[in-house]
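Here's the structure we're looking at; comments come further down.
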Amino acid sequence: MTSIQDRGAAAIAMYSAASKLIDEDRPKVFYGHEVGWVNNLEWFEPVVKTSARNPFPLDALPDIIREHVQEVVEITQCPIALAVNSALGALSGAAQAHFDVARDANTKIPISLWFMTVAESGERKSSADRFCFEPFKTWELSQHLEYSNQLQEYKLELEAYEVAKSTIKSGSKKQSPEEIMHQLRRLEEPEPPIEKIILWETFTTEALIKHLSGFPIGYGCVNEAGTLLGGYATKPENVQKTFATWNKLWDGQSVKDVTRGEGTRFVASPRFTFQLMLQESIYKSLLGIGNGMAQGIGLTSRFLVCQPESTMGMRFYSEPPNRTNRINRFTKILTQFLDKPMQLENGVLKPAVLKLSPEAKVEWIEFHNLVEQGIGFEGDYQTIKSIAAKSAENLLRIAANFQVAIEPNANEISAEIMRSAKEVANYYLNEALKIVLPQAQIDAEKILNWLVRTIGMHPYEKKLVSKNSSIRKADRVNPAIDYLIEQGLVQTAIINQVEWMAINPYLLGGR
């Protein structure tokens, strides 16, 4: 395992894969010009050339999920990790009612997955979600039609019940109290129908718990998390209750909510998938809410967090593929889980339990112990201890979703699936490490990635970086460029009173 210092350096040292970019991929108009000084500079090969981008291990996904993601990316041109989160969130939202996963005889947990995608607006997450939402919306429409019919029948039954109760009471003068009570007990008050909704694109915690008390499954997919995190739920007087309730939903624990005027609402065994997309500034404000309460009570550690490299500026129009066969296969799996009746005992959800094969258990223990070692003194995961501490449990959830995607009636997780899930779990751990880097390093990575994609070996006027890259503020651009210079990844020179930048040619396959 590399040290945290090496990981920090790797997060900036640019990737040799950039050499695969060809001239046809770059804009034909440059703000910089070819000038001779670049060839006269003395360059050194960077010590670390690991990819700063931490690409998502797409080949680790089961075929049915990977092919869906590939087709969505072809159509929308969104970041790969964003499409993956959308697909896994939908799979979890549909399958979570039917499976728990057990690491041993004493511990079973939900398979519900929680994702936090840090990205700017415009990354086309809504477009990616659209291909996953269709089966949910189709299912909810059929449930709504059934609910409407049941509601009409319920109203008639309730009216008949009230008439019968009134008739018994009207004859009470001729009957003893015991006789009246006996007749009233024989009446069965009709039960109101349950409205069934799974997909929640916006919600309040109170409304969610109210609904889960009748139908215990939910999938919260919020693409503008600022609206959720900046409202009533996170006011100082509410934030502790909100975050504690969310934690219980992730754990699958019973939730009790006492609402003035509405009494107590109780959810015995909820299953809730949660997906938030939020801008970097909103993510940082979440960490500061309630004096760091989101981290302090372990809320943020429950999420699989990532900040995928933006594709904005590279999404030049191309005719989308005239096919959705791979998307349709994935949709069929979601529909199958949504249509499958839930197993209930006295109104409490009782999912089937996925066990680990002996070989899968060995793989999981190896991951658990390596991460635990990394949490220790001077370990790789010192800076993300709370996230790392939950990663072994998240690995179980990822593996369970992989297994049921390829085997909807599975009862055991294979070693092959566990190994694939480990690659994905490691991706999210590395993303978490990247996000906690100093701001100058994070900004430097973004600027350097942008320079490599758009400029290549062409020198570039330094002052234009803040006008054209994704980092626009000078108080962030200048420290980032200074960091790149310190690492030997760019050099600058003043020519004719203009300050120019050039990229280390080793990063582009030169020298």
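The values are calculated or read from the model by the stated rules, or taken from the named source; none is laboratory data. As the structure is a computational prediction, the values presented were derived from the model and not from experiment. Cβ placement follows ideal geometry from the backbone for every residue including glycine, while neighbour counts extend to all protein chains displayed. Each accessible area value is taken on the protein alone, full model and side chains, heavy atoms only, with ligands, DNA and RNA left out. Shrake-Rupley method; radii C 1.70, N 1.55, O 1.52, S 1.80 Å.
Values as computed for the structure displayed
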{"item": "Flag if VAL465 is surrounded by 21 or more Cβ atoms within 10 Å (Cβ to Cβ) and more than 25 Å from the chain's Cα centre (by Cα)", "result": "yes"}
{"item": "Residues being in contact with a helix residue (DSSP H, G or I) (Cβ under 6 Å, 6 or more places away or on another chain) and within 30 Å of PHE274 (Cβ to Cβ) - total across the stretch 154-196", "result": "4"}
{"item": "Test: residue in the stretch 98-106 that is out of contact with any Pro (no Cβ under 6 Å at 6 or more places or on another chain), open to solvent by less than 60 Å² (accessible area, probe 1.4 Å), under 28 Å from PRO320 (Cα atoms) and touching a residue at least 12 places away in the same chain (Cβ under 8 Å)", "result": "no"}
{"item": "Condition met for SER127 (in contact (Cβ under 8 Å) with a residue 40 or more places away in the chain and of a type in the set (S, T, N, Q))", "result": "yes"}
{"item": "Residue, farthest from ARG329 (Cα to Cα), within the stretch 66-77, restricted to residues that are crowded, with 24+ Cβ neighbours inside 10 Å and touching a residue at least 40 places away in the same chain (Cβ under 8 Å)", "result": "VAL72"}
{"item": "Residue check for SER126: modelled with pLDDT under 95, open to solvent by 10 Å² or more (accessible area, probe 1.4 Å), closer than 30 Å to LYS446 by Cα and not in a helix (DSSP H, G or I)", "result": "no"}
